[in-house]
Structures are given as C-alpha cells and as structure tokens.
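Student: What follows is a single structure, and I will ask about it in a moment.
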Amino acid sequence: MNKHHLAVGLILVWVLGLSGSAVMMHEDTKLDATATVTNVNVEDEHVQTVTVSIENPSSDPLSLTAQFWRDDQFSQANWAVVDVPAQTTRTVTLKRPNRITVPCEKTTQLQLIDGAKRTTVVFTPSNYTTAC
Amino acid sequence: VKIDISGDSLNDLSANLWAGVLAALLFQVGFRVWMAIDPANWLPAIGTVVLYGLALVVLLIGVTGQANAHGKKIAWIGIFVLGVGAAVLLFTKVGSSFGTDAALFNRLSAELVVEGRNPYTANLYEQHHYASTPFPTPKIDGGVVSSLSYPAGSMLLFVPSVLLGGPPNGMITMAVVTLLAGVVLVHDSPAAVAPVALIALLAAGNMLFAGIGGILDTLWAFPLILSMRAWRRDALCRAALWLGVAGAIKQTVWFVAPFLAIWLLQRAPTVRGGLQDIRQVSIYGGIAFLVPNLPFMLDAPQAWLTGTFTPLGGHGTLNPLGRGLSVLTWTGIYPLSPQWYTLALGSTLLLGLALYALYWSEETAWVAWIAGVVLFVHWRSLNSYFITLLPIAYYAMLCQADAIDYGYGRRAIRYWREKGTVDTAQADDRSHA
C-alpha cells in the first residue's frame, strides 16, 4: 500500500465517519411551540417593541429565551425570558434591549429558545405596524 | 491557434493584471466612500477623489505594461493611502464606542491590569463604565459572555493605550498593528506581485477598518507572519518566539503547533535530532507564551483556564454561529449536536496532520494557514477567522515560491559583498595575468 492509498483511505474513513455520526447525532431542535408576531412598534426608525403570541401545545411548561437577530447575524442579542405554561397561549410584548439597535429597514428574526430547541419567527418591514 | 507566452511576458502580464485587480478594488472602496459624501463633511469628498484618482493611476500603470517595474511603488503608495485613511478615521471618529465585546473586554482588562487586578476573575460587564456597549456574545442558556476569553497577550497589547490615555476602543493599537503587517507584506513582496499584498488586506474585508472597528485578528496574524518569515530563513528560535507571541494572543494559533512538530521531526536527519529541535522550539515558544500569561495563570489558574478555553470549548455553551458547518445547526436546516462539532474538529485536525505528514511536511510556512481549515468545522466559525487567512496565505505563497524580497538593506549588503568578491576576483585575474 503506497501513501496515496493510505491518504484516500483516511479521507474515506473521515468522510464516512463524520457523515455517519452526523446522522446519529442529528438533533431535533424544533421547538414544539408556535409563535406569531402580532405587532411591531417602530419609533425613530428603530424597532422598539415586538408583541408575540406564543402557543405551547405540549403538556410541559416552557421557559423560553427570546433572542433577537438582525439580518446580520453578528447582531444577535438576548431579549428576555418568557415562561409559557403547558397548553397555553401567551402574548408578550418584548422591549428592545439596551444593547442593540434595530434599524427598521432590516429583516429581523425572533428566536425562541428552550435549551437546545428553538423556533424562529421572521418578520420584515412589511409586517411592521408602524411605518418605517 | 496556439498562444505562446514566454515566462517573462507571462510574468509581466501577471503583474499588470494584479494592478488591474487592485484598481478595481480601489474603485470599490472609492464608491463606498462616495456613498458617505456629506456636504457638511469634506473628508469623504476628498477621499473619493483620491481613491478614484489612485485607481486610475494604478490602472494606467497596468495597461501601459509598467506594473512589473513599479509594482512595489504602487503597493507602498497603497499602504500610505491606507495609513492616511486610518489617520483620518482616528481623528474624526475617536471616541469610546466599541465595535465588538472583544475590544471592550480587552480595554477593561487592560485597565484592571494597570490597577493591579486580575481581569480573568472579573465580570467585565460589571466593570463597564463606557457609554457604548457592543453586541454581546450570547450563550445558549440565555446569558452572555462576560469574562475575558483570550490569552493575556491580547489585552496586554492595550495597556500602553491605557497608560498613554489613547482612545478607549483601541483604534490606534489596531491601526498600528495592521499597518505594520501591511508594511511587512509589501516590503517582502517582489515588485511583480506587491499589489497583491494590498489585495490580501483589503479584498475580502478591509482589515484595517475592521481592526479599527473592533475585529482583533490582525493582532495574532502579524506575529504569525513574522514567525513564517523567520521560519523561511531557518531561524528556528526567532520563529518559535514569534509563534509563541501569536499563540499568547489568540487560541487560533495553537492549531499550528502540531503541524510544526511533524515538520521538525521530518526535516531532522534523525528522530533524536528532531526531538531536540522540538524541545528547543517548545522552550522558546513556551517562554514567549508564558511571559504574558504566567502571572494570571498562577494567580487564578481556574479562571484563566475557563476564560481561555471559552471559545475553544464553546460547543454547547456559546450559541452556534458562523460560515462553516455550523450553518447547518444555527439555521435549523440540519441541526447537529455540539458533540458532533467536537468530533468533527478533532477528526479534521487528525486527518490534516496525517495528510501533512504524508505529503507536504517539507514545507512549513503554509501551515500557518491551517487553523482556518480546522475552524471551518467548529461550532463557531466567524467570518474574521477566514478573512485573516488571506494575508497569511499570501505570505505563505511567497515563502513557497522562495520569492521573499528580504529588503533594501539586505540587497545593498549583498550588492557590496558581491561587488567586493568581483573586485577581488578581477584583481586576482589581473595579478595572474
């Protein structure tokens, strides 16, 4: 066996190993909750509050971290922790955190995270209640 | 039709094309500056004129076939313009706004060091006294990173700025280090390709302005380039010192070490000789790493370890982020567990080491680039990790082609030495005649 065979063998083992483990270590990170943005308030060309309705159909309560993302992923920042009891729909208004400015022309996302699980709501300026 | 281009004309064409690419880049930067034109501020207007004018001059040099002869001058002018741009930015934008939490943490840590305190044991957001707060680094549990997450060298570079009363956000430090990196790249480039040094610094992202804005990767890239420079000259101890300095600034550099160990083993005539070289390099590199870090390691070992390993061991604690395989997870397309990323990182490193040992271990400079490949499979693979590889890759290419121009001073010495040899030989010839 020459070194080329050895190299090809190593690469094959690596590809197969990572692919196989990717199948086994795939995580179902879909959060069993439905979130709908019902209101986005814009002032001074920046998003100030987002009202979101969160439905938790499961029999377990949820303690969610609401995390805001701008279309530039570096701009992610935490908002708040939202508790949603089991089989309940809760509407909460999330204020803009102090550490982030949210220009209203940006397409934005709200991620609701419970441990490794998350659900994402995307909202664009066309959804905003107040004009940009 | 067969096109026959000889080596010289291909060389000329290549240099002229690079001048064209640089001109395109200057047009692009000029366009961005033009977008910022404001009648109340004359700087963008002047900047636009300078950048478009310079682009036309560079293009003219290219189309008239002069780039091979004038490539170095073009690159030096480019560095000068960058320096002026940085100076203008520093004079007009000096303030206490921080582009990244890394820049803020380095500043606050440097302030704590000046006060005689250990920044690794502090919650840096509690020390925060500036008006501007950058975007934090979020954690999966909903919190944010609030402690120093780099080796101590990174923040110690900002201590002079604290002592001298420089701008809090470290703009001057970053501008100086990035410009020095540019100077070394241009200085060591042969004229035909010197404009590429600027392209490497500017094309994928303006590293100077990004540095001023809080992206700190040039801090480790610069000593790494100096290490490659020394390595190419077989100056092992000096190379190890610079590598230790780079590793004392950011963890990315640590991935390079095992590759260099293989190189040292394989280049030595005996295994024993290779091990001796590794020992020597480890001592010099270790000293350079430990000098800035040891006081903090001894003072609070657990805090230093926790802080320094936060980015490396971020699988599962920090939010996934980046351009590499973590895209699968953070977009939700095919989420993979944090453990998978740990496995991918380790196995990719091992595969890389095996392939390096099998094929490429006679060359050393390019391995400085390897961290980018490894980080591609990391839980967090930020854009800056990859952009920073461009100047490093450019320098590695120069090393690979044995094309490093060691400079005006060295050329002058060589010239006089050769002249002396020729004169002596001619004198000998005459005496024999």
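The values are calculated or read from the model by the stated rules, or taken from the named source; none is laboratory data. These figures come from a predicted structure and were not determined experimentally. Note that we place each Cβ from the backbone using ideal geometry, even for glycine, and neighbour counts take in every protein chain shown. SASA here: full protein model, heavy atoms, side chains in, ligands and nucleic acids out. Shrake-Rupley method; radii C 1.70, N 1.55, O 1.52, S 1.80 Å.
Student: Kindly provide the set of residues from the stretch B:12-36 that are more than 28 Å from the chain's Cα centre (by Cα), free of Cβ contacts under 8 Å to residues at least 24 places away in the same chain and surrounded by 14 or more Cβ atoms within 10 Å (Cβ to Cβ), ordered by number.
Tutor: Listed by number, the residues that qualify are B:LEU13, B:TRP34.
Student: Still on this structure, I have one more. Quick one: in the stretch B:306-320, which of the residues that are within 13 Å of B:SER147 (Cβ to Cβ) and open to solvent by 40 Å² or more (accessible area, probe 1.4 Å) is modelled with the highest pLDDT?
Tutor: The extreme case among them is B:THR306.
Student: Examine the stretch B:51-62 for a residue that is out of contact with any His (no Cβ under 6 Å at 6 or more places or on another chain), modelled with pLDDT under 85 and over 30 Å from B:ALA131 (Cα atoms), and state whether such a residue exists. Lay out the reasoning, then the answer.
Tutor: Going residue by residue through the stretch B:51-62, those that are out of contact with any His (no Cβ under 6 Å at 6 or more places or on another chain) are B:51-60, B:62.
After this cut, where a residue has to be modelled with pLDDT under 85 as well, the list is none.
There is no residue in the stretch B:51-62 that is out of contact with any His (no Cβ under 6 Å at 6 or more places or on another chain), modelled with pLDDT under 85 and over 30 Å from B:ALA131 (Cα atoms).
Student: Filter the stretch B:278-305 for residues that are open to solvent by less than 50 Å² (accessible area, probe 1.4 Å) and over 12 Å from B:TYR120 (Cα atoms) and give the result.
Tutor: First pass over the stretch B:278-305, keeping only residues open to solvent by less than 50 Å² (accessible area, probe 1.4 Å): B:278, B:281, B:285-286, B:288-289, B:292-293, B:296-297, B:300, B:303-304.
Across the stretch B:278-305, the qualifying residues are B:ILE278, B:VAL281, B:GLY285, B:GLY286, B:ALA288, B:PHE289, B:PRO292.
To keep it simple, each residue is scored yes or no on (1) free of Cβ contacts under 8 Å to residues at least 60 places away in the same chain; (2) aliphatic (A, V, I, L, M); (3) open to solvent by less than 20 Å² (accessible area, probe 1.4 Å); (4) touching a helix residue (DSSP H, G or I) at 6+ places or on another chain (Cβ under 7 Å).
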{"position": "B:LEU56", "(1), (2), (3), (4)": "yes, yes, no, no"}
{"position": "B:ALA67", "(1), (2), (3), (4)": "no, yes, yes, yes"}
{"position": "B:GLY78", "(1), (2), (3), (4)": "no, no, yes, yes"}
{"position": "B:PHE98", "(1), (2), (3), (4)": "no, no, yes, yes"}
{"position": "B:LEU112", "(1), (2), (3), (4)": "yes, yes, yes, yes"}
{"position": "B:ARG117", "(1), (2), (3), (4)": "yes, no, no, no"}
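Student: Hey, among the residues in the stretch B:119-132 that are among the small types (Gly, Ala, Ser) and open to solvent by less than 50 Å² (accessible area, probe 1.4 Å), which one's modelled with the highest pLDDT?
Tutor: Residue satisfying both the conditions and the ranking: B:ALA122.
Student: Could you list, ordered by first residue, the pairs with Cβ atoms under 7 Å in which the first is in the stretch B:196-212 and over 14 Å from B:ILE172 (Cα atoms) and the second is outside any helix (DSSP H, G or I) and at pLDDT 85 or above, at least 6 apart or interchain?
Tutor: Partner pairs satisfying both residue conditions: B:ALA197/B:SER189.
Student: Where in the stretch B:293-374 are there helices (runs of 4 or more DSSP H), lying wholly inside it, with at least 2 residues that are over 26 Å from B:ALA239 (Cβ atoms) and basic (Lys, Arg)?
Tutor: none
Student: Check whether at least one residue in the stretch B:143-162 is in contact with a strand residue (DSSP E or B) (Cβ under 9 Å, 6 or more places away or on another chain) and part of a loop (DSSP other than H, G, I, E, B), and report yes or no. Don't jump to the end; show me each part of the working.
Tutor: Applying the first criterion (in contact with a strand residue (DSSP E or B) (Cβ under 9 Å, 6 or more places away or on another chain)) to the stretch B:143-162 yields B:143-145.
Subset that is part of a loop (DSSP other than H, G, I, E, B): B:143, B:145.
Yes; the residues of the stretch B:143-162 include at least one that is in contact with a strand residue (DSSP E or B) (Cβ under 9 Å, 6 or more places away or on another chain) and part of a loop (DSSP other than H, G, I, E, B).
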